[in-house]
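Colleague: Structure incoming, see below.
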Amino acid sequence: MPLLWTLSDQRQGNSKMGDSYSSIGISSTRWDLTDKVTGKAEYSSDISLPNMLYGRILRSPHPHAIVRSIDSQKATSHPGIKAVLTPFNVPTGKVAPDVPILDTKVRFVGDEVAAVAAETQLDASEAITLINVEYEKLSFCLTTDQALSDGSEPIHGDSNLVNGEPLIEMRGNVEEGFDAADFILEESFSTPGHSPAPIEPRSVLAHWNGTNLTIWKSSRGIHSDRKNIANALDMDIESIRVIGPYMGGGYGGKDETRISIIASLLSIQSNRPVRLELTREEEFVAGRRRHATTTTLKMGVKNSGDITAIHATTVMNTGAYLSSGPGVARRAGQGALYLYRCPNVRYEGYLVYTNTPTAGSYRALGAPQGHFALESVADKAAEKLGIDPLEFRLRNHVGPEGQPGERTTPLGEVIDTQPVEGGIPFSSNGLRECLEIGSNELCWWQNDSIDTHSRIRVGKGMSMFLYRGGPGSQSNASISMDSSGIYKLSTGYMDVGEGSTTVLLQIAAEVLCTKYDSIEVVPSDTDLTPDASLTAGSTVTFSGGLAVKAASEKLRDKIISLAAAKMGQKSDVCSILTDKVVSTSGGSVGLYELLESGSVLTANASVEPGSPDYVVNSFGAHFVKLSVDIDTGKIEIMKYVAVHDSGRIINPRMAENQVKGGISQMLGFALLEDVELDPSTGILLNSSFLEHKSPTILDSPDIDVFFTSNIDKVGPYGAKSLGEPPSIGPAPAIANAIYQAVGVRINELPITPDKLLNAWVNKRN
């Protein structure tokens, strides 16, 4: 039976056939699937313009140095060279507060020094070798310990500690909490730099026509890029247009506009279009990666199993530039602050500049590092108590009511009100359900006896987590219907490969009682779409979805009102149905009959997402069974179970794939990947896929994915964050399983065979 949705139903707050929907909860095919599998989809590097030039960047061979002079005469006179940029001929604007367009100080091996534009790639590559740079080398630091040591050379300003002090957030009094504990556990953990290694290296095409600047680029946020470019170049923002073609994977690593500005200046100088595309090596060297961290976590526990205090200190290597470091530092403490019921918590985040490639946003920014420490110590606490790790979490996980206090600064300033009894609760919390489903699916309680005479040892491990995603900044949406009854949706958000556009289309289709693939998408273009924030922090479905839902509801109401007037009926007895509006009296009018030829009916919505009454978090629990070969150190995952509370799932198949993709990606973080620098030179040693051990399909186990039945009170149709959380659980779950298998705990990621064998040998000795 066709699904009807009336204005009367809306006013009365009626659900549609209970929880029955026509588009929501349906595994609709991705809107871009056909374009991508047929090769029709255009990425930044596919776009060409007549008379186009090719750009290349000259990068620093030194980790820290002053550029005293640059002689570019030979490059300028090289055949085919049409533009040369140096720190001495570019505007003084900044890409970010600590990032000039080009600078006379370089801060890591690979930092941008100069750039050229030429008729061919070969000409450009040859030309940058002809640029002679005189450097004054400075002392450098590659580790946070070196950067914070007395006498270290400041990379920016007066101190290598960003802002000169740590980020501190707290609840209660940790010293009183530790005094009340029966025992205290304290451990240190380290995690590596971790490259997202996207399929598509960054690519920009810039075209200056003498008046206006048009840029095509792989981007997480075209409107944000536009603002940054305008500020850096001191240009009228209205003269800049940014277009976002398809993106070959983002994961946070592409939220940087320096190469866009360099390409723009090359185009302005040459008065021709310029394409600047990074090589794979450049992407490894100059792309953004996950912050390397050292975390010390201290936990006080009573013999009853109650946690009395948690004190987490994380030192993060932000590299040569700040990028999104402050947000990452804050996210690293979210597990310690919120995951467990504990009245006394203190988190300190130290963000440190070093002469290494810049770290930035990367899927779940900071949360995987912090949860690795927290969930490893939770397992140690369970062992100390003589109870099962699952039992420890079932006793202590934060409940729907939330935490017992406010989050404050050391000065007592309230940062935000946390969920408290009688205060602001979580909008939903399915953590307990995640634990129960996951443990049952893995057969957690089944005793897997260990044959001490066998070289193959089997162990189980688990972790739980939360992620403070969902509400982002103000979101805008516009949806229209033309005289033929065709809908068009415009949001300004970038689909970075995760399928968010499909989800937004499903939300619009649900409201308008149509098929999602009958709604056209306005391309990501600052000239055509409303302002939108970055696609980041798992906020698009929540924030963008609320805006799309609100705009679609406005349009639906306008359509019903027009149709009711044509039928001589009241609006509240009329309903929209696919391609027409019907009334309870039996009359109907087609959507194509409502507007005069050429007319368009439009509805806009601007939504401030979130709620004053609830705190929105996503939750999850991961369970893993693995084997360890004690002769070789080989680790093989036998079964992986992931359970997520992401509210109502809009598109189950895409959601499942998001979880599987996040886990597969983080297997590299847990077991394989690192950013290796030569300590004497600062040169990146693994700048290709020959040396960088990203997991392949052969490394990815079968992963069973489940979602809880929770429906969120705040999100669109009950949805919450999904894209980031799958990255949080793998590392601690795997580390905990390895410990159960062989009795050694590896606190340093990645857990490679050599580390495991060394720990095993040391234990036996």
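Colleague: Being under 23 Å from GLY668 (Cβ atoms), hydroxyl-bearing (Ser, Thr, Tyr), in contact (Cβ under 8 Å) with a residue 40 or more places away in the chain and in contact with a helix residue (DSSP H, G or I) (Cβ under 8 Å, 6 or more places away or on another chain): is that true of THR293 here?
Modeller: In short, yes.
Colleague: Quick one: which of ALA532, ALA477, ALA564 is under 30 Å from VAL659 (Cβ atoms), outside any strand (DSSP E or B) and not basic (Lys, Arg)?
Modeller: Details: ALA477 fails: outside any strand (DSSP E or B); ALA564 fails: under 30 Å from VAL659 (Cβ atoms).
ALA532 is the lone residue from the list that is under 30 Å from VAL659 (Cβ atoms), outside any strand (DSSP E or B) and not basic (Lys, Arg).
Colleague: Further question: Kindly list the number of the only condition in (1) under 19 Å from VAL705 (Cβ atoms); (2) in a strand (DSSP E or B) that fails for GLU498.
Modeller: (2)
Colleague: I need the full set of residues from region 401-456 which are at pLDDT 90 or above and β-branched (Val, Ile, Thr), in order please.
Modeller: If the condition is that a residue be at pLDDT 90 or above and β-branched (Val, Ile, Thr), then ILE437, ILE456 are the ones that fit.
Colleague: Then there is this: Could you list, in sequence order, the residues of region 129-147 that are touching a helix residue (DSSP H, G or I) at 6+ places or on another chain (Cβ under 9 Å) and surrounded by fewer than 22 Cβ atoms within 10 Å (Cβ to Cβ)?
Modeller: In the first step, residues of region 129-147 are kept if they are touching a helix residue (DSSP H, G or I) at 6+ places or on another chain (Cβ under 9 Å); the result is 129-132, 140-141.
Correct list: THR129, LEU130, ILE131, ASN132.
Colleague: Please list, ordered by first then second residue, the pairs with beta carbon atoms under 9 Å, 6 or more apart or interchain, first in region 230-258 and in contact (Cβ under 8 Å) with a residue 12 or more places away in the chain, second of a type in the set (Phe, Trp, Tyr) and in a helix (DSSP H, G or I).
Modeller: none
Colleague: Go through region 89-125 and give me each residue that's part of a strand (DSSP E or B), of a type in the set (D, E, K, R) and surrounded by fewer than 20 Cβ atoms within 10 Å (Cβ to Cβ).
Modeller: Within region 89-125, LYS94, LYS105 meet the criteria.
Quick grid of which residues meet (1) in the same structural domain as PRO50 (by TED's automatic domain parsing); (2) out of contact with any Cys (no Cβ under 7 Å at 6 or more places or on another chain); (3) more than 24 Å from PRO87 (Cβ to Cβ):
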site: GLY172; (1), (2), (3): no, yes, yes
site: PHE178; (1), (2), (3): no, yes, yes
site: GLU186; (1), (2), (3): no, yes, yes
site: PHE189; (1), (2), (3): no, yes, yes
site: GLU200; (1), (2), (3): no, yes, yes
site: ASN212; (1), (2), (3): yes, yes, yes
site: ILE229; (1), (2), (3): yes, yes, no
site: LEU233; (1), (2), (3): yes, yes, no
site: GLY252; (1), (2), (3): yes, yes, yes
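Colleague: Does THR514 fit the bill of being among the hydroxyl-bearing types (Ser, Thr, Tyr), assigned to a helix (DSSP H, G or I) and out of contact with any strand residue (DSSP E or B) (no Cβ under 6 Å at 6 or more places or on another chain)?
Modeller: Answer is no for this residue.
Colleague: Identify all residues within region 514-531 that are in contact with a Ser or Thr (Cβ under 6 Å, 6 or more places away or on another chain) and over 11 Å from LEU489 (Cα atoms); write none if there are none.
Modeller: THR514
Conditions (1) small (Gly, Ala, Ser); (2) outside any loop (DSSP other than H, G, I, E, B); (3) surrounded by fewer than 22 Cβ atoms within 10 Å (Cβ to Cβ), marked per residue:
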site	(1), (2), (3)
TYR21	no, no, yes
ILE24	no, no, no
SER27	yes, no, yes
ASP35	no, yes, yes
PRO50	no, no, yes
HIS62	no, no, no
HIS78	no, no, yes
VAL84	no, yes, no
PRO87	no, no, yes
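Colleague: Show the residue pairs meeting these rules: Cβ distance below 8 Å; 6+ apart or different chains; first residue within region 669-686 and surrounded by fewer than 22 Cβ atoms within 10 Å (Cβ to Cβ); second residue among the aliphatic types (A, V, I, L, M) and part of a loop (DSSP other than H, G, I, E, B).
Modeller: From residues that are surrounded by fewer than 22 Cβ atoms within 10 Å (Cβ to Cβ), the pairs are GLU676/LEU685; ASP678/LEU685; PRO679/LEU142; THR681/VAL109; ILE683/VAL109; ASN686/VAL675.
Colleague: For ASN476, work out the one condition from (1) modelled with pLDDT of 95 or more; (2) over 30 Å from VAL744 (Cα atoms); (3) out of contact with any strand residue (DSSP E or B) (no Cβ under 6 Å at 6 or more places or on another chain) it doesn't fulfil.
Modeller: Among (1) modelled with pLDDT of 95 or more; (2) over 30 Å from VAL744 (Cα atoms); (3) out of contact with any strand residue (DSSP E or B) (no Cβ under 6 Å at 6 or more places or on another chain), ASN476 violates only (3).
Colleague: Still on this structure: Which of (1) touching a Lys or Arg at 6+ places or on another chain (Cβ under 8 Å); (2) surrounded by fewer than 24 Cβ atoms within 10 Å (Cβ to Cβ); (3) not in a loop (DSSP other than H, G, I, E, B) does LYS558 not meet, given it meets every other one?
Modeller: (1)
Colleague: Considering only region 517-529, state which residues are in contact (Cβ under 8 Å) with a residue 60 or more places away in the chain, acidic (Asp, Glu) and not in a loop (DSSP other than H, G, I, E, B).
Modeller: If the condition is that a residue be in contact (Cβ under 8 Å) with a residue 60 or more places away in the chain, acidic (Asp, Glu) and not in a loop (DSSP other than H, G, I, E, B), then ASP517, ASP525 are the ones that fit.
Colleague: Can you name every residue in region 582-598 that is among the aliphatic types (A, V, I, L, M) and either within 41 Å of the chain's Cα centre (by Cα) or part of a helix (DSSP H, G or I) (or both)? Reasoning before the result, please.
Modeller: Just the residues of region 582-598 that are among the aliphatic types (A, V, I, L, M), to begin with: 582, 589, 591, 594-595.
Correct list: LEU591 only.
Colleague: When you go through (1) modelled with pLDDT of 95 or more; (2) part of a helix (DSSP H, G or I) one by one for HIS644, which number turns out not to apply?
Modeller: Condition not satisfied by HIS644: (2).
Colleague: To continue, here is another question. Just to verify a result, which residue in region 393-404, among those that are surrounded by fewer than 22 Cβ atoms within 10 Å (Cβ to Cβ) and in contact (Cβ under 8 Å) with a residue 60 or more places away in the chain, is farthest from the chain's Cα centre (by Cα)?
Modeller: Looking at residues that are surrounded by fewer than 22 Cβ atoms within 10 Å (Cβ to Cβ) and in contact (Cβ under 8 Å) with a residue 60 or more places away in the chain, I get ARG395.
Colleague: A further question follows. Please give the number of the condition PHE706 fails out of (1) among the hydrophobic types (A, V, I, L, M, F, W, C); (2) part of a strand (DSSP E or B); (3) free of Cβ contacts under 8 Å to residues at least 12 places away in the same chain.
Modeller: Failing condition for PHE706: (3).
Colleague: Filtering region 438-480 down to residues that are of a type in the set (A, V, I, L, M) and closer than 30 Å to GLY544 by Cα, which residue is surrounded by the fewest Cβ atoms within 10 Å (Cβ to Cβ)?
Modeller: Once the filter is applied, the top-ranked residue is LEU466.
Colleague: Something else now. When only residues in region 590-609 that are buried (at least 19 other Cβ atoms within 10 Å of the Cβ) and at pLDDT below 95 count, which is nearest to SER428 (Cα to Cα)?
Modeller: Across region 590-609, the extreme among qualifying residues is PRO609.
For (1) within 17 Å of the chain's Cα centre (by Cα); (2) in a loop (DSSP other than H, G, I, E, B); (3) surrounded by 23 or more Cβ atoms within 10 Å (Cβ to Cβ), each residue gets a yes or a no:
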| site | (1), (2), (3) |
| --- | --- |
| ILE215 | no, no, yes |
| ALA232 | no, no, yes |
| GLY248 | yes, yes, no |
| TYR251 | yes, yes, yes |
| ILE259 | no, no, yes |
| SER264 | no, no, yes |
| SER267 | no, no, yes |
| ARG275 | no, no, yes |
| GLU282 | no, no, no |
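Colleague: Looking at VAL624, VAL600, which is the one that is touching a strand residue (DSSP E or B) at 6+ places or on another chain (Cβ under 7 Å), within 27 Å of LYS460 (Cα to Cα) and touching a residue at least 40 places away in the same chain (Cβ under 8 Å)?
Modeller: Just one listed residue meets the conditions, VAL624.
The values are calculated or read from the model by the stated rules, or taken from the named source; none is laboratory data. Predicted model only: the values in this text are computed from it and were never measured. Here the Cβ is made from the backbone with ideal geometry for all residues, glycine too, and neighbour counts use every protein chain on show.
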